[in-house]
Amino acid sequence: MDPTFQAILDSLPSKPPAPLEPYRELIHEMRRRGQTYREIAQVLAERFQIQVDLGAIHDLVKPRRKRKPGPKEPRPVSTPAVHKPEAAGPKGYDSLPRPVAAFEGRPFPVTNKRPVFEYDENEPLRLISNSKTGE
Amino acid sequence: MSLAESISAPVARPVQQSPLKRVILTMGGKGGVGKTSFVLCLAEWLKGQGAEFTMLDLDTENKSRGSLKHYFEGAARKVDIHTPAGLDAFIDCLDDGPKVILADMGAGSGWVAHEWFDTMFESAQEMGIAFTAVGIITPDPASVESVLSWAKALQHKVQYVIVENEAVLHADFSYWRLTEQAEQFRQIFNPITIPMKYRLPDLENPARQYGATLGEVAARRSKAPELERSSLVARAQGYQRQIFQDLDRSKELFLV
């Protein structure tokens, strides 16, 4: 691995264990016995003084999704992008490590990002005819 | 049996293979727009489809007349959403009960609902729960603003159904149909629109007083003598037929 990357990884603080991890076995067993998330949360609160939301319990017990066996279908791709080096890039740009160089010129998956609905509650509703005529 | 004892008790519950579940909720920002009226129609339609569902009455005003519990005494469960657990009832009810929840949110429930979706949506989605949000539009621009505010908070976490409620005769929906913000909402979310026709006060008012649903009036099963008039029975049948036809066309948003 690139020494720069390794140094970054080494400098990262180790992630603390998930707060529910010590109770994993108990939670799984309670779930197996048909307890609801709410009942499990209640037991944890009563016995161990731990306040958890139901989503955290679900995250712990949710089943791992398995991929169905079979041939992989190719992902939709867009037209390959052609990388054009910037004529006047920022100073020192070329000297930086470029880990994506191996992928340049390859097709990449198209992300189907949905538009965000923006609405300002402080603005009055604008009638389309009024705004078009500038009234 | 205490909770501690119940933990060790064997439970013969079959393991479910991630069934798809659905929560249908009204976007409860504006009061008096007809949320409960639509939920009543939807409940009767779901029954007609043979669907099992749980009704949750989340109207915090706790009024007796006009609330879901008033119409479906015993069947609609009252839930106080102003607690730390908030809307977790969605998950717990689906955990043990039918796969569809019909929730009448009541006015002023926006903040609680938005916060719940922020923290719980991803987990709910992984549990296979889909959400249908029903917005009720009247000629009052405040009803439009309410729906748009909810949509801003919920974004693509839900599928949207818009009910155009003709609360008055010759209702004018300009603020819904002809404003930039509403148009942007329609373009982004492509909601299903269901018209709810104007209803005669002669039918609507006594029905509300006696807690009689449209279906009960249509089938002459209401307890109100004034609702037994044949003309009103025929009216109720007509209203119900019209809205059921629209629900039939968009059943994928209400069933699993």
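For a distance above 19 Å, tell me the whole-number percent of Cα pairs in the stretch B:128-234 that qualify.
Working: 3050 of 5671 pairs.
Distances greater than 19 Å cover 54 percent of the Cα pairs.
If Rh is defined by the Kirkwood formula over all Cα pairs and Rg also comes from Cα, what ratio Rg/Rh do you get for the stretch B:18-199?
Details: Rg = 15.6 Å, Rh = 16.6 Å.
With Rh from the inverse mean 1/r over Cα pairs, Rg/Rh is 0.94.
Bins of 5 Å, beginning at zero and ending with the bin holding the largest distance: percent of Cα pairs per bin for the stretch A:18-61, please.
Taking all Cα pairs of the stretch A:18-61, the binned fractions are 5, 26, 42, 25, 3 percent.
Which far-off residues, 5 or more places away or on another chain, put their amide H under 5 Å from the one on residue B:194, with H placed in the peptide plane?
Placed amide hydrogens put B:162, B:163, B:164 under 5 Å from residue B:194.
In the neighborhood of residue B:246, defined by Cβ-to-Cβ distances under 11 Å, what is the net charge if each Lys or Arg adds +1 and each Asp or Glu adds -1? Please list the in-between numbers first.
Numbers: positive: B:197, B:241, B:249, B:251; negative: B:164, B:248.
Charge balance near residue B:246 sits at +2.
Is there a pair in B:152/B:197; A:15/A:62; A:113/B:78 whose C-alpha atoms are over 30 Å apart, and which pairs would that be?
Numbers: B:152/B:197 28 Å; A:15/A:62 21 Å; A:113/B:78 38 Å.
A:113/B:78, as the Cα separations exceed 30 Å there.
5 Å is the cut-off here: which amide hydrogens, built 1.01 Å from N in the peptide plane, fall below it relative to residue B:101, excluding neighbours closer than 5 in sequence?
HN-HN under 5 Å from residue B:101: B:22, B:23, B:24, B:54.
Could you give the spread of the C-alpha atoms of the stretch B:63-140 along their three principal axes, from largest to smallest, in whole angstroms?
Over the stretch B:63-140, Cα extents along the principal axes are 37, 32, 23 Å.
How long, wide and thick is the stretch B:211-256, going by the Cα atoms along their three principal axes, in whole angstroms, largest first?
Each principal axis gives a Cα extent; for the stretch B:211-256 these are 38, 18, 12 Å.
Considering amide H positions built from the backbone, and no H for Pro or chain starts, which residues 5 or more places from residue B:129, or on another chain, come under 5 Å of its amide H?
B:21
Quick one: B:57, A:10, B:172, fewest Cβ neighbours within 10 Å first, how do they rank? Let's see the in-between values first.
On the way: B:57 24, A:10 7, B:172 12.
Going from sparsest to densest Cβ surroundings: A:10, B:172, B:57.
Apply the Karplus parameterisation 6.51 cos²θ - 1.76 cosθ + 1.60, with θ equal to phi minus 60°, to every residue of the stretch A:116-126 and state each ³J(HN,Hα) to the nearest whole Hz, in sequence, with x for glycine and proline.
8, 8, 10, 8, 9, 5, 7, 8, x, 5, 9
Throughout, read-outs are computed from the coordinates displayed, never taken from laboratory work. Just so you know, these numbers come straight off a predicted model, no measurement behind them. Positions of Cβ are generated from backbone atoms using ideal geometry, with glycine treated the same way; all protein chains shown enter the neighbour counts.
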